[in-house]
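> One structure coming up, written as structure tokens, with questions to follow.
Read-outs: derived from the displayed coordinates by stated rules, not from any lab. For clarity, every value in this text was computed on a predicted model and none was experimentally measured. Cβ atoms come from the backbone with ideal geometry, glycine included; neighbour counts cover every protein chain shown.
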Amino acid sequence: MDNPFEIIDRRLSNLEALLMEILTHLRDNASTSVPEIGGIALAQQVTYLSKARLYALVSARQIPHAKRGNKLYFNRTELQAWITAGSRGTIEM
């Protein structure tokens, strides 16, 4: 019969190995996070609007953006705040 302390030690070693694997996986995923600043593709991903609609909003200066040369840049958090600012309350019945 195995020594119960050896069984516990093996199980703890397995748990430590699994924990180290999980931590490594989390660190790797954190370094490949979603970009905060991007182009029209990011704006489409966040707002679910078409390119044409986004260009119209940019032209009317109704959506937060930055422009350097011929390139448009959007900030994910600014777009999310813009969407939230447009939310309306519900009517209570």
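> On the given criteria, is residue 68 charged (D, E, K, R) and farther than 18 Å from residue 37 by Cα?
On the way: charged (D, E, K, R): yes; farther than 18 Å from residue 37 by Cα: no.
In short, no.
> Let me ask something additional. May I ask you to say which residue of 48, 73, 55 is touching a residue at least 24 places away in the same chain (Cβ under 8 Å) and aromatic (Phe, Trp, Tyr)? Break it down stepwise before answering.
On the way: 48 fails: touching a residue at least 24 places away in the same chain (Cβ under 8 Å); 55 fails: touching a residue at least 24 places away in the same chain (Cβ under 8 Å).
From the options 48, 73, 55, the qualifying one is 73.
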